[in-house]
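**Student:** Supplied in structure tokens, the structure appears directly below.
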Amino acid sequence: MKTHPSEADLALFAGGEAGRLSRFFVNRHVRECRECMDQVNQFELLRLELREFEPPPHDWNRLAAEMRANIHVGLEAGECVRLAAAEQRGWSPKLAVALASLLLLVGASFLLKSPAPNVAVEQKAGAVLESTGSGLELRHGNSSLTLLNHDGVAADQTVSAQGEIRARYVDGGAVTINNVYLE
Amino acid sequence: MSIWNRALLLLALGTLPVMGQETVLDPASSVKIDLPENSPLALISTNMGDSRASNRGGTIVLDLHMALTLRNSGARRVRGVTLLITAQEFAPGGKGSVARPCIDVPSGEQFTVPVDIRLVRPVQQAGGPLVRVQLDGVLFDDLSFFGPNRLNSQRAMTFWETEAQRDRAYFKHVLQARGDKGLGEEMLQSIARQAERPQLNVALSRNGRATGSIVPQGVAAGEHVAQFAFLKLPTAPVQPVEGWAEIAGNEARSPQIEIVNQSGKPVRYVEIGWMVKDKEGHEYLAGSVPGSNSAMLLPAGQHSRLLPDTTLKFSRTGKPVEIQGMTGFVSQVEFADGKVWVPSREDLKSSALLRIMAPSPEEQRLADIYSKRGLAALVAELNRY
């Protein structure tokens, strides 16, 4: 391939979604083209970052309880108005529609409550232990545990292939060694 | 306003506060500190500093900056302590530790251990303290040990103390042989080595590719098996025989090394230092590869090999470091009787290791004393031992 592959082809290649023939040609090209290789790497990193991004989980139980409480308040307020108005106009069809809508909303909140999809994602993604400038971070799904260097001091970091990273720093005349283990 | 409108307004007003709410929690109640009843250390105080805990959009964010003040309530001098840090129900059972090596705390004296943790987790898993701090071990001046040792902290602290004794003896020898000026020159060299030592950032995962790999999925064929070269230290009781790892770009998978016990004693633990060379020929200390597992007992003359199922990804200043070569050397050996071997200063000096390896915690501490308090303070410190 004498010309550079298109940006779209490189993106598909980085994501493993290029066709067999396209993959062959792009693969052959990027092996010899530093510029395209860099672009493929950038797409790959971006894809990984996007894969890791997850919206924060909502506390559906709490949301449902809040909604139920609000509905009670709404019903009681509606009752007060209804009693006052009943003497003048009798039964109101609008109120019935409002209450039916609210009940529908409560039902929907219960249906949306299940956290199961998040659990599945967490189990699929593996834990990653990483040394960063500020400390040692263990990430798993949308949870993370970080042992920080005290006051952000620079630390010497070493890794054991057995599954741990160690960060060591001197602060106030004493040595502190943080260790995080990947189990 | 009609009943319809009032009901909707009430519903809307009631629902708004639950969206994007941040609740401030009590950080002190988020931590539980446990010391065994017969512990030689007593907890005197816990300073929570500017610790914060909050509930943000269904996620608990805990920022702990604690200083634990402990007292040596035993009879022997304390040379090291390790605290086990666990985050409740944190999948997949991740845990950490904070250690204070190279201390010298007489009976009845106090010392402080800083614990700085950030924990982020979904709120639905909450219940009870989020973080637990327990004593994993205490090392005394006679190298005896107290504690549950769940993290093998006895071994780690014994290695640190042995290196500390080696380096104190070396610098005392320099002081005697070359005087204050010679010691000052050694310290300046040590500080320069620490500043110049190239460092790598590492991401580590099990069973698969590490996050942030530069290897595109379509170029998996670019992987190859690379053999370790070995730097043989003449005094090492164990020698590496052969070793390799799967290399792809900046990733190394499942590094494994075969070793042979050349000493006359059974060996319980071996660690191989691991250096990598990048495309430009720069060498870095990448870390270590275990030559044994915790259940191993390697008799004299026997071979052993361990295959860690980890993937390591190397980077430097945010850029991937592609691996061109690997070198291994024996860095730690523990015998079945609990005695340990570490490379001598001569071993380190006669190879490139002194430049590449991290200094021992004690050398780092002594260099810090020299740079912050001067030569007289360093000489006084060396003379304490």
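The values are calculated or read from the model by the stated rules, or taken from the named source; none is laboratory data. Remember, it's a predicted structure, so these values are computed and weren't measured experimentally. Don't worry about glycine lacking a Cβ; one is built from the backbone with ideal geometry, like all the others, and counts go over all protein chains shown.
**Student:** Among (1) away from chain A (no Cβ under 14 Å); (2) of a type in the set (A, V, I, L, M, F, W, C); (3) within 22 Å of B:PRO234 (Cα to Cα); (4) more than 21 Å from the chain's Cα centre (by Cα), where does B:MET326 come up short?
**Tutor:** Evaluating B:MET326 over (1) away from chain A (no Cβ under 14 Å); (2) of a type in the set (A, V, I, L, M, F, W, C); (3) within 22 Å of B:PRO234 (Cα to Cα); (4) more than 21 Å from the chain's Cα centre (by Cα) leaves (1) as the failure.
**Student:** All but one of (1) within 12 Å of chain A (Cβ to nearest Cβ); (2) in contact (Cβ under 8 Å) with a residue 40 or more places away in the chain; (3) under 22 Å from the mean Cα position of the chain (by Cα) hold for B:VAL78; state the number of the condition that does not hold.
**Tutor:** B:VAL78 satisfies every listed condition except (1).
**Student:** Kindly list, by first and then second residue, each pair from a residue in region B:47-64 that is within 10 Å of chain A (Cβ to nearest Cβ) and in contact (Cβ under 8 Å) with a residue 60 or more places away in the chain to a residue that is of a type in the set (S, T, N, Q) and outside any loop (DSSP other than H, G, I, E, B), limited to pairs with Cβ atoms under 8 Å and residues at least 6 apart or on different chains.
**Tutor:** Cβ pairs passing all conditions: B:ASN55/B:THR23; B:GLY58/B:GLN124; B:ILE60/B:SER54; B:LEU62/B:SER30; B:LEU64/B:SER30.
**Student:** All but one of (1) part of a loop (DSSP other than H, G, I, E, B); (2) at pLDDT below 95 hold for B:ASN55; state the number of the condition that does not hold.
**Tutor:** If we test B:ASN55 against (1) part of a loop (DSSP other than H, G, I, E, B); (2) at pLDDT below 95, just (1) comes out false.
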